[in-house]
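Heads up, the thing below is written out as structure tokens.
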Amino acid sequence: MDATYLLDTATEAARAVGPRLRAAFRSRPGVATKRDFHDPVTEHDRAAEDTIRSVIGARAPHSAIVGEEGGTTGSGDLVWYVDPIDGTANFAAGLPFFCVSIAAAVRGELVAGVVYDPVRGDEFTATTEGAWCNGEPLRSAGATGDREAMLLSSYPTPLDLDEDGDVALRRYGRFLESFSAVRKPGSAALKLAHVAAGWSDAAYGTRSHPWDVAAGALLVRRAGGVYLGDPLVKGDYLAHVGGFDLERSVLAEVAPRELSPGGPPAPPAR
Ligand code: IPD
Ligand code: CA
Ligand code: CA
């Protein structure tokens, strides 16, 4: 199976749930919670993941699927990372910033990914060959420094506050003072797609799962931006448009170090 076949599979699966998500959006669906009351889930998360799993299962039966709602099933060199709704809190409330995120990795290397925004109809796609939005090539370019840049940051989350306390609030304060604007839009995958498109300049998040960031990481990298962190392992990530000066940025203090040899200093232990 080549990257194009894998991308076609991912886009078919993402499109298959578009009608359901659009119909349910702003219907105020019932919300249950998972880890705690900050972690909502709806019947549509589970149903959408089931649909995505059947499309993938029909087109690529000998593969593993790692889904947020259904866990890991199957096995093989080919692994799919599926977030049926990234930004469930937004979806459930009626705020139009959520997406479907699906990525394929072969023997640990990302080869295809889609981030699909069913409200705007934006389909962000990437393979090892490039990145596109609705078929148009993406170029991750924009601000070169903090003062002109728009930062999309989920930090600090309630878990960050639990762990980092005042350190988190002071760090967030430095973000607010240093950047032209800081936003907390609430979907890691769609944030990364927007950085890939150059619609925002940087994105930062903590404790992200592969289903949150795998497709977005491939988008950013193939669009010419920078993604730091390992998207296939749960952890923190930092992404920015190509040409952004990370070393002079306040974000240098949180930059994941392992993928930036010789780059900015390691973040303080968390
Ligand atoms: C969440 C969103 C959010 C990020 C969280 C994720 P979900 O995913 O991506 O922006 O800060 O870490 O869990 O629960 O809406 O799929
Ligand atoms: Ca998610
Ligand atoms: Ca989700």
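Values for this structure:
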item: Euclidean distance between Cα centres, the stretch 64-137 to the stretch 21-56, Å; result: 15 Å
item: Estimated vicinal HN-Hα couplings, Hz - the stretch 78-89 in sequence order (Karplus 6.51, -1.76, 1.60; Gly, Pro = x); result: 8, 10, 9, 10, 10, 10, x, 9, 9, x, 4, 4
item: Estimated vicinal HN-Hα couplings, Hz - the stretch 176-184 in sequence order (Karplus 6.51, -1.76, 1.60; Gly, Pro = x); result: 4, 6, 8, 8, 4, 8, 10, 10, 10
item: Per-pair calculated FRET efficiency, R0 = 35 Å: Leu159 and Glu12 via Cβ, rounded to 0.05; result: 0.50
item: Arg183 long-range amide H proximity, modeled H, under 5 Å; result: Leu151, Leu152, Ser153
item: q = 0.16 Å⁻¹: log10 I(q)/I(0) that the Debye formula gives for the chain, counting C-alpha atoms only; result: -1.21
item: Most to least packed among 75-87, 24-36, 185-197, 149-161 [average Cβ atoms within 10 Å]; result: 185-197, 75-87, 149-161, 24-36
item: Apportionment of accessible area to carbon and sulfur, the chain, percent (1.4 Å); result: 50 percent
item: Tilt relative to the chain, helix 43-59 - C-alpha long axis, 0 to 90 degrees, to 10; result: 70 degrees
item: Long-range amide H partners of Gly198 with built H, under 5 Å; result: Ala141
item: Within the chain, helix-based [θ] at 222 nm, where runs of 4 or more DSSP H residues each add -39,500 (n - 2.57), nearest 500; result: -9500 deg cm²/dmol
item: Relative packing of 240-248, 138-146, which averages over residues the other C-beta atoms within 10 Å, highest first; result: 138-146, 240-248
item: Cut-off 12 Å between beta-carbons: net charge of the residues surrounding Leu251, Lys and Arg +1, Asp and Glu -1; result: -3
item: Accessible area per residue in Å² at 1.4 Å probe, computed on the chain; result: 43 Å²
item: Ser178 paired with Glu43, simple spin-label distance in nm, labels 7 Å along Cα-to-beta-carbon; result: 4.6 nm
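The values are calculated or read from the model by the stated rules, or taken from the named source; none is laboratory data. Please read all numbers here as calculations on a predicted model, not as lab measurements. Cβ sites come from the backbone with ideal geometry, for glycine too, and all protein chains shown count toward neighbours. When the accessible area is computed, the model is the full protein with side chains, heavy atoms only, and any ligands, DNA or RNA have been set aside. Shrake-Rupley method; radii C 1.70, N 1.55, O 1.52, S 1.80 Å.
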